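Colleague: Handing you a structure now.
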Amino acid sequence: MSEPSVEQQRLLVVDDEDYLTDLLSTSLRFQGFEVQTAANGFEALSTTGAFDPDLIVLDVKMPDIDGLEVCRRLRSLGNDVPVIFLTARDTKADVLAGFAIGGDDYITKPFSLEEVVVRIRAVLKRATAGTAEPELIEYDDVVMNEATYVVTRAGREIDLSPTEWRLLRYLLMNAERVLSKQQILSYVWHYDFGGEESSVETYISYLRKKLDHESDPLIHTLRGVGYTLRSRAR
């Protein structure tokens with residue numbers, strides 16, 4: 001079966017905040033997707049049956065049944081439509097709970113529209129390829145499994161907060177490139193301008209303590225320029 005074009009791909013956006021639903025649906029239609037919306041969990045279930053979406057962007061916290069329960073009911077019915085959870089809940093336990101019931105990805109608020117589009121396309125690509133293989137991001141002896149939210153270095157699992165995870169992901173995706181504090185703020189915290197650069201310094205410090213513990217340092221500072229992930233062996 002060939003991969004459908006973007007124009008053929010149908011998305012269901014579910015959120016009880018009208019402004020957010022309107023923002024996402026407008027942006028996704030502009031990207032060429034066919035989009036339907038739902039304002040609560042029960043409406044999401046009924047719309048899924050009628051619309052048969054290729055992917056659901058699903059808010060977790062809703063007034064009737066939450067997004068986790070919506071996903072659970074879909075999976076119990078044998079519906080394996082890809083689900084990307086969208087929520088302000090950003091603890092590791094929340095993220096893992098979403099994956100445990102069959103979610104495919106997890107985006108925390110606040111988010112950038114660019115990130116949502118990139119993640120939607122990545123999940124759709126995996127789904128249409130018919131593979132359940134997790135996506136791995138690797139550099140040196142660091143492995144990030146985006147499907148299970150597990151990060152290891154030299155086989156040792158590293159426990160990261162969601163912010164630390166996003167920061168490491170950005171560094172891994174740009175390994176050996178120098179990233180400025182403003183670039184990091186834009187990706188990790190979604191500040192396009194005026195963000196607190198001290199936040200970057202703080203979380204780089206946190207990440208160093210966990211990632212470089214008992215191993216050669218990978219995160220390097222270029223004073224006045226930014227940070228880079230680089231192995232001394234390279």
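The values are calculated or read from the model by the stated rules, or taken from the named source; none is laboratory data. Quick caveat: nothing in here was measured; it's all calculated off a predicted structure. Methodologically, a virtual Cβ is constructed for each residue, glycine included, from the backbone with ideal geometry; neighbour enumeration extends over all protein chains shown.
Colleague: Output the residues belonging to region 151-166 that are under 15 Å from the mean Cα position of the chain (by Cα) and either farther than 12 Å from Leu211 by Cα or of a type in the set (S, T, N, Q) (or both).
Modeller: Listed by number, the residues that qualify are Ser161, Pro162, Thr163, Arg166.
Colleague: Continuing with this model, one more query. Which of (1) over 15 Å from Ile120 (Cα atoms); (2) under 21 Å from the mean Cα position of the chain (by Cα) does Ala50 not meet, given it meets every other one?
Modeller: (2)
Colleague: Can you tell me how many residues in region 33-85 are hydroxyl-bearing (Ser, Thr, Tyr) and closer than 20 Å to Lys109 by Cα?
Modeller: Residues meeting the conditions: 1.
Colleague: Here's a follow-up. Among the residues in region 55-69, are any among the acidic types (Asp, Glu), at pLDDT below 95 and either touching a His at 6+ places or on another chain (Cβ under 8 Å) or farther than 24 Å from Tyr149 by Cβ (or both)?
Modeller: For region 55-69, residues among the acidic types (Asp, Glu), at pLDDT below 95 and either touching a His at 6+ places or on another chain (Cβ under 8 Å) or farther than 24 Å from Tyr149 by Cβ (or both): present.
Colleague: Next question. Quick check on this structure: which one of Phe42, Phe51 is out of contact with any helix residue (DSSP H, G or I) (no Cβ under 7 Å at 6 or more places or on another chain), over 22 Å from Glu135 (Cα atoms) and surrounded by 15 or more Cβ atoms within 10 Å (Cβ to Cβ)?
Modeller: Residue meeting the stated conditions: Phe51.
Colleague: Here's a follow-up. Would you mind stating whether Ile84 is within 13 Å of the chain's Cα centre (by Cα), not in a helix (DSSP H, G or I) and not hydroxyl-bearing (Ser, Thr, Tyr)?
Modeller: In short, yes.
Colleague: Next question. Which pairs have Cβ atoms under 9 Å, sit 6 or more apart or on different chains, and link a residue in region 48-74 that is assigned by TED's automatic domain parsing to the domain that holds Asp105 to one that is in a helix (DSSP H, G or I) and of a type in the set (S, T, N, Q)?
Modeller: Pro53/Thr47; Asp54/Gln8; Asp54/Thr128; Ile56/Thr48; Asp59/Thr21; Val70/Thr48; Leu74/Thr48
Colleague: A further question follows. I'd like the full set of residues that are in a helix (DSSP H, G or I) and modelled with pLDDT under 85, limited to region 120-129.
Modeller: Matches in region 120-129: Ala122, Lys125, Arg126, Ala127, Thr128.
Colleague: How do the helices (runs of 4 or more DSSP H) wholly within region 141-234 filter down when requiring 1 or more residues that are exposed (fewer than 13 other Cβ atoms within 10 Å of the Cβ) and assigned by TED's automatic domain parsing to the domain that holds Ile101: which remain? So that I can check it myself, show each step before the final result.
Modeller: Details: elements: 162-173, 181-184, 197-211.
Where helices (runs of 4 or more DSSP H) fall fully within region 141-234, none carries at least 1 residues being exposed (fewer than 13 other Cβ atoms within 10 Å of the Cβ) and assigned by TED's automatic domain parsing to the domain that holds Ile101.
Colleague: Let me ask another. Say whether the condition of being under 24 Å from Ser161 (Cα atoms), within 19 Å of the chain's Cα centre (by Cα), surrounded by 14 or more Cβ atoms within 10 Å (Cβ to Cβ) and at pLDDT 90 or above is met by at least one residue in region 97-111.
Modeller: no
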